[in-house]
């Protein structure tokens, strides 16, 4: 009797195994969805790496340009420190008299004249920073005894004897200081300088 009852139990167990085997593993749709999810994750990660590299290089360009501007400003500050009236040689002085400079508040204009006379600039001739060429546009706005100096740094195009900056965009060229929307514009810095002589006005 026991022998005949064992057969249905074994058959029932085997049928349950067959049913379980039918539902095990992954379907083709599940595999495709998994592949799509993994691919999207990998592409997103690669895009993040590319963007991070781009922003790092852009920040490096700005840092290099600002370092040069700081050096240029140090020279201008030295000129502002040295600006004074030589009473023994008024013709070569930067103002006709100290009284005129103080009364009419013209030290800012005199400093501009002095910078223009001693540091001629030509944006067509780029500066080289770490082997990469930049254009520098420097503008002045005198206001009384102060002088506002505005530096605009841009990627330099190729010119006679100079190579273009590796990131220069030829489709957005410029002839004057590039505006903020121009991709060749790297950075800008505005500084106000007061000559030491102006501080001695009574």
Look at the stretch 134-163 and say how many of its residues are over 18 Å from residue 69 (Cα atoms) and surrounded by 17 or more Cβ atoms within 10 Å (Cβ to Cβ). 4
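On the basis of being assigned to a helix (DSSP H, G or I) and modelled with pLDDT under 85, does residue 8 make the cut? Show your work before the answer.
Details: assigned to a helix (DSSP H, G or I): yes; modelled with pLDDT under 85: yes.
So residue 8 passes the test.
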Just give me the residues in the stretch 181-202 being touching a strand residue (DSSP E or B) at 6+ places or on another chain (Cβ under 8 Å) and more than 26 Å from residue 145 (Cα to Cα), in sequence order. 182, 184, 185, 186, 187
Would you say residue 34 is more than 30 Å from residue 183 (Cβ to Cβ) and either modelled with pLDDT under 80 or surrounded by 10 or more Cβ atoms within 10 Å (Cβ to Cβ) (or both)? yes
Suppose we filter the stretch 157-194 for residues that are under 22 Å from residue 115 (Cβ atoms), part of a loop (DSSP other than H, G, I, E, B) and without any contact (Cβ under 8 Å) to a residue 60 or more places away in the chain; how many remain? 2
Any residue in the stretch 20-28 that is modelled with pLDDT of 65 or more, at positive phi and loosely packed, with under 10 Cβ neighbours inside 10 Å? yes
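The values are calculated or read from the model by the stated rules, or taken from the named source; none is laboratory data. Worth saying up front: this structure is predicted, and the values here are computed from it rather than measured. Neighbour counts run over all protein chains shown; Cβ positions are idealised from the backbone, glycine included.
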